[in-house]
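*Asks:* After the structure tokens below, expect a handful of questions from me.
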Ligand SMILES: [Fe+2]
Ligand SMILES: [Fe+2]
């Protein structure tokens, strides 16, 4: 592997010295990951001359060459489980997760850890690069060297690869610990979304669904919540409009777990609650998309169908192959989740019955998440504060008042993800509520500032901090609507 250049090299030509990545570059890099993902997938189906590739090749070239123009040379590199563009870690979006995961697995299998683009690339080069990449034998140590030779023999000098670094030690610039709970949290979160999507797709296609994976993920989530609930609670600020059902299921599960933890549930009960919450809307998989995503209000017939989703959910669960993984408590939680304490909800019951504890927990989590998420029929969602106020108003009819009180304590006076104005005229994003009941109104916030160059600077600040004689350094003046300030809250939790 003597011809391989050190990975730091492409950086030298670049003039970028500041730490935060230009958001355009970050967008381009994310785009590149998606494009390479698509190209690798298509090239496994079609031969290299096939026209099916044309459009994607063209688009990928545009992205690569724009990056070359802006960055000089650039490198896309795997370190641990992340991608770095010129030593800046790429943050992936919910939509980008599949591509990241695909590229990570495929490159790792082939022991390729880095691709360097040194100069402009044309269509022929990119086609040959992709086909050479997918035809590498998995697990062969010499892959990178062989690959480079192959590229050179075809007169491709502007693309080069480096082997995957398998070292256990932290590389410079990487401060992640082996099991950084935030990284684990992110993985559990996105994997849960992917898995619930899989389960729902299988059910729609009348295929058997393996819910054991969901169980494992719920167990991992329980561990995380027991350790530090704020990690997963922060993830619930990712409100993905297009994948509402999947995102919503995972969020409801996180809120339910955090509530269950406050109630002193055992890990086993928590895992059951987590699965029940993940599956609470599974019955909606039997409802046509047009009805679920209808921008106008539903007509009577559509409503009647919609109201059947808890019952259809129970039916689906009882038909699962691994029914052994399910217990009655979990099924009743799904059945109950729209049944109000005054029986005004649904399904309609002939006999009066109390709502189960799982059902009452899921209800609160469900309403809060639904209200704070933009939907096709309500594009501007309620702020966390507004949602809690509405729920409080309806507490005696719709919710268990005692549970609701605990829930409010849990999401905080200022819930995680709220945008707040500080008395220093700075904007802050609530990151973590204080565990000390004396400082419920003094969470830790991310203070967002812009420097002279216009780059965003973030600083983690505990609002309980004082400057001499008990004077607080910063205090919250009021909450603001992030939509009005064009702030994407979720970005601060990834
Ligand atoms: Fe529901
Ligand atoms: Fe729901």
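*Asks:* Given only helices, namely DSSP H runs of n ≥ 4 each adding -39500 (n - 2.57), what is the per-residue ellipticity at 222 nm of the chain, to the nearest 500 deg cm²/dmol?
*Replies:* -14500 deg cm²/dmol
*Asks:* What is the fewest-to-most order of 235, 125, 40 by other Cβ atoms lying within 10 Å of their Cβ?
*Replies:* 40, 125, 235
*Asks:* Taking square-rooted eigenvalues a ≥ b ≥ c of the alpha carbon gyration tensor, is region 430-469 rounded, prolate or oblate, where a/c under 1.5 means rounded and, failing that, a/b exceeding b/c means prolate?
*Replies:* oblate
*Asks:* A further question on this structure: Note the angle between two axes, namely the Cα long axis of helix 384-393 and the longest principal axis of the Cα atoms of the chain, as a number of degrees from 0 to 90, rounded to the nearest 10.
*Replies:* Taking Cα atoms only, the helix is inclined about 20 degrees.
*Asks:* Let me ask another. State, to one decimal in nm², a quarter of the convex hull surface area for the C-alpha atoms of region 272-320, i.e. the direction-averaged projected area.
*Replies:* 3.8 nm²
*Asks:* Taking 0.36 nm per residue of separation and subtracting the Cα-Cα distance, what length does fully extending residue 351 through residue 380 add? Present the calculation step by step, with values, prior to reporting the outcome.
*Replies:* Numbers: separation 29, 0.36 × 29 = 10.44 nm, distance 3.86 nm.
Length gained, residue 351 through residue 380: 6.6 nm.
*Asks:* Using only Cα atoms, what is the ratio of the radius of gyration of region 231-286 to 2.2 N^0.38 Å?
*Replies:* After normalising by residue count via 2.2 N^0.38 Å, the value is 1.16.
*Asks:* So, one more: Output needed for region 433-494: three equivalent-ellipsoid semi-axes, defined as square roots of 5 times the C-alpha gyration tensor eigenvalues, in descending order, whole Å.
*Replies:* For region 433-494, the ellipsoid semi-axes come out as 24, 15, 11 Å.
*Asks:* Continuing with this model, one more query. Report, please, the projected area of region 381-478 averaged over directions, based on the convex hull of its C-alpha atoms, in nm².
*Replies:* 7.7 nm²
*Asks:* Over 5 Å intervals from 0, what percent of Cα-Cα pairs in region 100-168 sits in each interval?
*Replies:* 3, 17, 30, 26, 16, 6, 1, 0
*Asks:* Highest mean first, what order results for 269-279, 382-392 on Cβ atoms within 10 Å?
*Replies:* In decreasing order of mean packing, 269-279, 382-392 become 269-279, 382-392.
*Asks:* Please say if region 314-383 is rounded, prolate or oblate, where rounded means a/c under 1.5 for a ≥ b ≥ c the square roots of the C-alpha gyration tensor eigenvalues, and otherwise the choice is prolate for a/b larger than b/c and oblate otherwise?
*Replies:* Values: a/c = 2.31, a/b = 1.45, b/c = 1.60.
Cα axes put region 314-383 in the oblate bin.
*Asks:* May I ask you to sort 289, 360 by Cβ crowding, counting other Cβ atoms within 10 Å and putting the fewest first?
*Replies:* In order of increasing Cβ crowding within 10 Å: 289, 360.
*Asks:* Output the Cα-based Rg and Dmax of the chain in Å, rounding Rg to one decimal and Dmax to a whole number.
*Replies:* Expressed in Å, the Cα Rg and Dmax of the chain come to 25.2, 79.
*Asks:* As an exercise, find the ratio Rg/Rh for region 345-411 from alpha-carbon atoms, using the Kirkwood inverse-distance average for Rh.
*Replies:* Rg/Rh: 1.01.
*Asks:* Helix 143-153: angle to the longest alpha-carbon principal axis of the chain, degrees 0 to 90, nearest 10?
*Replies:* That works out to roughly 50 degrees.
*Asks:* Using the 10 angstrom Cβ neighbour count as an exposure proxy, how do 87, 481, 155 rank, fewest first? Can you show the working numbers first?
*Replies:* Values: 87 19, 481 15, 155 9.
The fewest-first ordering by Cβ neighbours comes to 155, 481, 87.
*Asks:* Computed FRET efficiency, Cβ-Cβ of residue 152 and residue 485, R0 60 Å: what is it to the nearest 0.05?
*Replies:* 0.70
*Asks:* Another question, then. Can you give the alpha-carbon Rg of region 37-190 over 2.2 N^0.38 Å, where N counts its residues?
*Replies:* 1.06
*Asks:* Treating the angle as unsigned and between 0 and 90°, give the value, to the nearest 10°, between the Cα long axis of helix 123-134 and the longest Cα principal axis of the chain.
*Replies:* 70 degrees
The numbers here are math on the coordinates, done by the rules we state, and not lab data. This structure is a prediction, so every number in the text was calculated from the model and none was measured. Every residue, glycine as well, gets a Cβ built from its backbone with ideal geometry; the counts of neighbours run over all protein chains shown.
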